[in-house]
Amino acid sequence: MKDTRAALRYAKAILNLAKDSKSETKVNDDMLLVVKTISENKDLDVLLNSPVIKSSDKIEVLNSLFTGKVNNVTLGLFHLLEENKRIDLLQVIAKKYAIIYDFDKHILEAKVTTAVPITAALEKQVLKKIVDLTGDKANLVNEVNPEILGGFILRVGDIQYDASIANHLRQLRKEFDNQDYISKL
């Protein structure tokens, strides 16, 4: 990805600035909103990356979209990027900020694969169990895969716990394949 070093430098600077004003969590929420908004709106992405459109027009669009919804630190980032002619890096900076914020706050990303979507109550239990096991908080992502038949597969960092029905059936199949059955005819 182009200019990821510059994006990382901006993200670190914004995190430090947000820490100074005790608003790093709010800015993280803002960055997630920025990433979501740009990802969901192709026209906005094209506008921000267009070399033909003036920076002042880009900042006007960003201000109209985000003023009142985001922190002053985030709005300041928009204007800083406009001054430095780097507004095209906004989405990359926002993604980098979220990554270094999670690292700084010891928040892991956990992925739970289930046959059906998990409920809010079950999600709470899984998040509590992750904190008990790792000592760190986690953002939970639920992936639905009907092929596991039931149960779940939990992956936190490089640790995976497979409690799926499909896994239990594979283990049973291995046990039966390894047994020497002698016919008693």
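Residue under question is V35, and the condition is that it be exposed (fewer than 12 other Cβ atoms within 10 Å of the Cβ) and within 17 Å of V92 (Cα to Cα); does it hold?
On the way: exposed (fewer than 12 other Cβ atoms within 10 Å of the Cβ): no; within 17 Å of V92 (Cα to Cα): yes.
No; evaluated as a whole, the condition is false for this residue.
Would you say V46 is aliphatic (A, V, I, L, M) and surrounded by fewer than 17 Cβ atoms within 10 Å (Cβ to Cβ)?
yes
Name the single residue, out of those in the range 131-161 being over 15 Å from K111 (Cβ atoms) and of a type in the set (A, V, I, L, M), that is farthest from the chain's Cα centre (by Cα).
Among those that are over 15 Å from K111 (Cβ atoms) and of a type in the set (A, V, I, L, M), it is L149.
Filter the range 100-143 down to residues that are among the charged types (D, E, K, R) and closer than 23 Å to E24 by Cα, then give me how many there are.
Number of matching residues: 6.
Exactly one condition in (1) under 19 Å from the mean Cα position of the chain (by Cα); (2) farther than 22 Å from N84 by Cβ is not met by G68; state its number.
Among (1) under 19 Å from the mean Cα position of the chain (by Cα); (2) farther than 22 Å from N84 by Cβ, the lone unmet condition for G68 is (1).
Right, E24: surrounded by fewer than 17 Cβ atoms within 10 Å (Cβ to Cβ) and of a type in the set (D, E, K, R) or not? Give the derivation first.
Numbers: surrounded by fewer than 17 Cβ atoms within 10 Å (Cβ to Cβ): no; of a type in the set (D, E, K, R): yes.
No, not satisfied.
Looking at (1) assigned by TED's automatic domain parsing to the domain that holds L32; (2) free of Cβ contacts under 8 Å to residues at least 24 places away in the same chain; (3) not aromatic (F, W, Y), can you tell me which one L90 breaks?
(2)
Can you tell me which of N167, N139 is touching a strand residue (DSSP E or B) at 6+ places or on another chain (Cβ under 7 Å) and either in a strand (DSSP E or B) or in contact (Cβ under 8 Å) with a residue 12 or more places away in the chain (or both)? Before the answer, list the steps.
On the way: N167 fails: touching a strand residue (DSSP E or B) at 6+ places or on another chain (Cβ under 7 Å).
Just one listed residue meets the conditions, N139.
The values are calculated or read from the model by the stated rules, or taken from the named source; none is laboratory data. Quick caveat, the model's predicted, so the values are computed rather than measured. Positions of Cβ are generated from backbone atoms using ideal geometry, with glycine treated the same way; all protein chains shown enter the neighbour counts.
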